[in-house]
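The values are calculated or read from the model by the stated rules, or taken from the named source; none is laboratory data. This is a predicted model, so every value here is computed, not measured. All Cβ positions, glycine included, derive from the backbone under ideal geometry; neighbour counts span all protein chains shown.
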Amino acid sequence: MKLKAIPLATALLPAVAVHISYLLAANQGHVSWCFPYFPDCVSISATGRHRPESVVFRAAIIPTAVLMMIYWRLSSGWLKALGTRMVRLNRAMAWLGMAAALGLFVYSSLLGEAGDLYRQQRRIGMILFYIFTYPAQLLMTVQIASVVRTRGVPMSVSTYRSLVAICGAVAILGAVSLLSWAFYDDYRRYEDAFEWGLTLLLLGHTFITHFAWRESGFQARFMILKKRS
């Protein structure tokens with residue numbers, strides 16, 4: 001795989017896999033037929049608990065966690081190449097992204113395992129993914145805004161605005177979800193829909209990053225440095 005395709009794979013692989021898993025789970029009668037982005041449907045986790053959908057789910061999400069680690073490492077190098085002066089923010093972005101990827105790996109590795117301990121560990125992994133991915137994406141967007149404004153990086157307005165819009169949409173949807181949880185007694189009906197929506201937006205940010213890399217001319221490759229004799 002070409003390294004510049006990492007954002008595409010990181011975004012599309014889980015997005016396609018969870019929807020296929022849902023269709024398989026519904027077809028097998030493991031979950032009900034409904035529209036996941038509407039209330040009273042199913043959680044993302046429910047689409048990968050039983051065979052055969054669990055095979056598709058884990059075969060996609062575990063590699064996604066690994067791809068996500070590579071993605072955040074490359075993103076850090078990309079922003080450095082663009083000339084970001086926010087060194088600390090860049091470092092924090094990379095560490096937050098890696099922590100989110102680790103959380104996703106723990107979650108997907110334990111999915112389908114029975115027992116309260118595994119359930120708690122899965123929940124922790126999923127929480128780590130959500131609470132660390134968004135700040136990492138926000139820090140990335142802030143740095144992009146800075147280099148576009150000060151360095152004149154070749155990047156289309158639509159690409160930059162899409163990244164900003166997604167960050168704004170995640171913030172709004174997250175705030176609505178928290179307020180609903182705090183003040184709405186029937187929040188459980190909408191919880192899964194919020195989860196699907198937030199996940200799609202977070203993956204959408206990664207997807208748009210592909211175009212930002214391409215437009216800025218970013219290329220990455222592995223090198224082996226020869227030791228001096």
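At a glance:
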read-out	value
Subset of region 138-161 that is surrounded by fewer than 18 Cβ atoms within 10 Å (Cβ to Cβ) and of a type in the set (S, T, Y) - its residue that is farthest from P39 (Cα to Cα)	T150
Of all residues making up region 185-208, the number that are hydroxyl-bearing (S, T, Y), more than 20 Å from T47 (Cα to Cα) and assigned to a helix (DSSP H, G or I)	1
Unmet requirement for L128, which otherwise passes all of (1) at pLDDT 85 or above; (2) within 15 Å of S75 (Cβ to Cβ)	(2)
Scope region 62-95; condition hydroxyl-bearing (S, T, Y) and assigned to a helix (DSSP H, G or I); matching residues	T64, Y71, S75, S76
Only one of V142, V147 that is in contact (Cβ under 8 Å) with a residue 40 or more places away in the chain and within 18 Å of the chain's Cα centre (by Cα)	V142
Residue within region 24-35 that is touching a residue at least 60 places away in the same chain (Cβ under 8 Å) and in a loop (DSSP other than H, G, I, E, B) present	no
Inter-residue pairs, beta-carbon under 9 Å, first on the phi > 0 side of the Ramachandran plot and in region 197-214, second part of a helix (DSSP H, G or I) and of a type in the set (A, V, I, L, M), 6+ apart	none
Some residue of region 177-184 being of a type outside the set (G, A, S), crowded, with 19+ Cβ neighbours inside 10 Å and under 30 Å from D40 (Cβ atoms)	no
Top-ranked residue in region 47-59 [being without any contact (Cβ under 8 Å) to a residue 40 or more places away in the chain and not in a loop (DSSP other than H, G, I, E, B); ranked as surrounded by the fewest Cβ atoms within 10 Å (Cβ to Cβ)]	V55
Pair list, Cβ < 7 Å and 6+ apart or interchain, from region 76-91 residues that are farther than 18 Å from F218 by Cα to residues that are crowded, with 19+ Cβ neighbours inside 10 Å	M86/Q143; L89/L139; L89/Q143
